[in-house]
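*Asks:* Provided herewith is a single structure, encoded as structure tokens, for subsequent inquiry.
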Amino acid sequence: MKKLTPKAAFRKLAAIYDKMVAQYGEAADAIGMTCDGCHDNCCLSFFQHHTYIEWAYMWEGLNQLPADRLEEIKAKAQAYVEEGQAALARGERPHIMCPLNLEDQKQGICGLYKHRLMICRMHGVPNVLVRPDGQQVQFPGCYRCQELTEKVEADGRIVPVVNRTSLYKDLVMVEMQFVGKNLRQLPKVDHTIAEMIVLGPPKLK
Ligand code: SF4
Ligand code: SF4
């Protein structure tokens, strides 16, 4: 498989992200879901990301920020990692705001919106993924979405579910084209956004 230049791989990833946004938007509109005034915030959720391409693309966005803003984010990311490790050591699931969130400026706004990762884009509406081993992974949507989908069902309407299987396959393909033949030799990516910031841009050799 031909290895892509980073720029070409980023363009492909951005196109996949655009498809995700469109599918998310269709489902959210049908459910009547918006994030306005949400009292929870999915940017507090603890989750890992699994591709080098998304890690690198996030850094592509970080490197466009003013130097002082980037330093501020790095400090928040370091604090997140330490706090997260302490919570895990206590047997608790970390509940810490993502270091990229502009919580101090406006609650809930992503400070790297264009470069935010796949899971960030899909959290919210019901979605399903059929993994290569055939196992189906289902997510019912966030708490607000679940309240709304109960009403949709009560009205006798069908709840829209985004099938992100083809999007996931496209992401795997661009990951292979981005990393190239070293992919199998490299460590598996399993990092929070904070860890990806503390570690710096991914090393592909
Ligand atoms: S990258 Fe943005 S959308 Fe994703 S968790 Fe962080 S602040 Fe939220
Ligand atoms: S997706 Fe759901 S939990 Fe996340 S901000 Fe929107 S309404 Fe809140």
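The values are calculated or read from the model by the stated rules, or taken from the named source; none is laboratory data. Worth saying up front: this structure is predicted, and the values here are computed from it rather than measured. Cβ: placed from backbone, ideal geometry, glycine included. Neighbour counts: every protein chain shown. SASA here: full protein model, heavy atoms, side chains in, ligands and nucleic acids out. Shrake-Rupley method; radii C 1.70, N 1.55, O 1.52, S 1.80 Å.
*Asks:* Just one of Arg93, Arg131, Arg144 is within 14 Å of ligand 2 (Cβ to nearest atom) and either under 14 Å from Phe47 (Cβ atoms) or not β-branched (Val, Ile, Thr) (or both); which is it?
*Replies:* Answer to the selection: Arg144.
Residue by residue, here is whether (1) out of contact with any Ser or Thr (no Cβ under 9 Å at 6 or more places or on another chain); (2) open to solvent by 80 Å² or more (accessible area, probe 1.4 Å); (3) within 11 Å of ligand 1 (Cβ to nearest atom) holds:
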position	(1), (2), (3)
Met58	yes, no, yes
Gly61	yes, no, yes
Asp68	yes, yes, no
Glu71	yes, yes, no
Ala79	yes, no, no
Gly84	no, no, no
Ala89	yes, yes, no
Cys98	no, no, yes
His115	yes, no, yes
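*Asks:* Return a yes/no flag: does region 156-166 have any residue that is under 24 Å from Met1 (Cα atoms) and assigned to a helix (DSSP H, G or I).
*Replies:* The answer is yes, given that some residue of region 156-166 is under 24 Å from Met1 (Cα atoms) and assigned to a helix (DSSP H, G or I).
*Asks:* Looking at Lys188, Lys181, which is the one that is in contact (Cβ under 8 Å) with a residue 40 or more places away in the chain, more than 30 Å from Gln85 (Cβ to Cβ), open to solvent by 20 Å² or more (accessible area, probe 1.4 Å) and basic (Lys, Arg)?
*Replies:* Lys181
*Asks:* Looking only at region 15-37, which residues are without any contact (Cβ under 8 Å) to a residue 12 or more places away in the chain and at negative phi?
*Replies:* Ala15, Asp18, Ala22, Gly25, Asp29, Thr34, Asp36 - these are the residues of region 15-37 that are without any contact (Cβ under 8 Å) to a residue 12 or more places away in the chain and at negative phi.
*Asks:* Taking the conditions exactly as written (out of contact with any strand residue (DSSP E or B) (no Cβ under 6 Å at 6 or more places or on another chain), assigned to a loop (DSSP other than H, G, I, E, B) and either exposed (fewer than 12 other Cβ atoms within 10 Å of the Cβ) or among the aliphatic types (A, V, I, L, M) (or both)), does Asp133 satisfy them or not? Give the steps one after another, and end with the answer.
*Replies:* On the way: out of contact with any strand residue (DSSP E or B) (no Cβ under 6 Å at 6 or more places or on another chain): yes; assigned to a loop (DSSP other than H, G, I, E, B): yes; either exposed (fewer than 12 other Cβ atoms within 10 Å of the Cβ) or among the aliphatic types (A, V, I, L, M) (or both): yes.
Yes.
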